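Data first, discussion second: the structure below is written as structure tokens.
Read-outs throughout are calculated quantities, based only on the coordinates presented, and are distinct from any laboratory measurement. All values derive from a computational prediction rather than experimental measurement. All Cβ positions, glycine included, derive from the backbone under ideal geometry; neighbour counts span all protein chains shown.
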Amino acid sequence: MKNSSITRHQLDCLDALVRHRSFAVAAEQLLISQPALTMQIQKLESLCGFLLIDRHTKPLQLTDNAQLIMPIVRQLLNSFSELDDSIGGVQNRLEGELRLGVIPTIAPYYMPDVVGPFVKANPMVRLQVREMTTEKVLEALQVGDIDLGMVALPMAQDCSAFDTEVLFEEALWVYHSGQPDLLNRSYLELSEFDNYTTFLLSEGHCLRDHVLMICGPRSLTQSKGLEYQSGSLETLIHLVDQYGGLTVIPEMTRKRMSEDQRSRTLPLDASGSFRSIVIIHRKTGFKKRLVMAFNRVTKNL
């Protein structure tokens, strides 16, 4: 390739297309038209001297040659991100886009308290929040689809490739339907889960993994009666109210319950069980000043 004039915009277009595997979706994310995206990819292919996208596959796939250069493309885009961050620091301004992935057992209970103060304190920043499972958060961070994740530890997945910062710890509670044998209890022993129908979040949710870590694989299935796995804590709470049994909820969910519902919660074992809410991001190439701004808001809550 001679006299390269590859632009950052062209690399952004390729990166978006790789992440979304669709010209229509990638164009929407980039806030450009689909023909404009197609033109940028064609220009980049011309400069490279080979095709980058196999347009005959669904979803779209990278060509073998494109796969060879994508690690360098992502390194360049990470460097551009760091450059933007440094320039903003010199100019004492904070702007741009912060893309945040939050797990469903945090998002509906915690994020409403965060997004308002963050947007008010940083009016030039576009905050984009997506609910996704822990596994999807890690995948999205790895490929640069999001800048920041909010997840809970412990988790079944390996997150050693990322930097994590603990925001706070919160207790886990057993929620029951008001069974007489549980009403006057101070806590529920882990071994006693065998005696009750237990409703759990579906696979991929870290709260499910956490429960199985501390209670054992017995909670995976029921030997009789109803087995119902959901991606929503609210659904599990309604199931317990309707059909009895147990589920496990975090403190942030319990705080938003009615007084009657809170009276039907018990600590999870005598010493209590906890999860850690953490911020997670890549070790390099992340939007450091935007992440710091987000952390400041969460710590002031």
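A compact table of results
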item: Distribution of pairwise C-alpha distances over the range 12-171, 10 Å bins, in %; result: 9, 31, 34, 21, 5, 0
item: Theoretical FRET efficiency, 1/(1+(r/R0)^6), r = Cβ-Cβ of residue 67 and residue 130, R0 25 Å, to 0.05; result: 0.45
item: Calculated Rg and Dmax of the Cα atoms in Å (choose from [x] 20.7, 73; [y] 19.0, 55; [z] 23.2, 79), label; result: [z]
item: Dimensionless Rg ratio for the range 8-89, taking C-alpha atoms and the 2.2 N^0.38 Å reference; result: 1.11
item: 93, 19 arranged by Cβ crowding within 10 Å, fewest neighbours leading; result: 93, 19
item: Within a Gaussian network of the chain (alpha carbon springs, distance under 10 Å), most fluctuating of 22, 79, 258; result: 258
item: On Cα atoms only, tilt of 233-243 relative to the major axis of the chain in degrees; result: 30
item: Extension gain from residue 33 to residue 156, taking 0.36 nm per residue of separation minus the Cα-Cα distance; result: 40.3 nm
item: Exposure proxy ranking, count of Cβ atoms within 10 Å, fewest first, for 9, 281; result: 9, 281
item: Positive-end extreme of charge dipole, the chain - chosen from 75, 153, 104 (charges on Cβ); result: 75
item: Test item: Cα-centred dipole of the chain, Lys/Arg +1 and Asp/Glu -1 on Cβ, debye; result: 900
item: Computed label-point distance, nm, for sites residue 202 and residue 288 using a 7 Å Cα→Cβ extension; result: 4.0
item: Spin-label pair residue 276/residue 234, simplified geometry with 7 Å Cα→Cβ offset, distance in nm; result: 3.1
item: For the chain, calculated [θ]222 nm from helices alone, where every DSSP H run of n ≥ 4 adds -39500 (n - 2.57); result: -13500 deg cm²/dmol
item: Amide N proximity, the range 90-131 versus residue 19 label position 7 Å along Cα-to-Cβ, cut-off under 13 Å; result: 97-101, 128-130
item: Helix 64-90 axis, angle to the chain major axis (alpha carbon atoms, nearest 10°); result: 80
item: DSSP bridge pairs, the chain: antiparallel proportion in percent, nearest 5; result: 65
item: Contour excess over end-to-end distance, with Cα ends at residue 256 and residue 8 and 0.36 nm allotted per residue; result: 84.7 nm
item: Most positive-pole-ward Cα, 248, 188, 48, against dipole of the chain from beta carbon charges; result: 48
item: Where labels lie 7 Å past Cα in the beta-carbon direction, separation of residue 55 and residue 80 in nm; result: 2.3
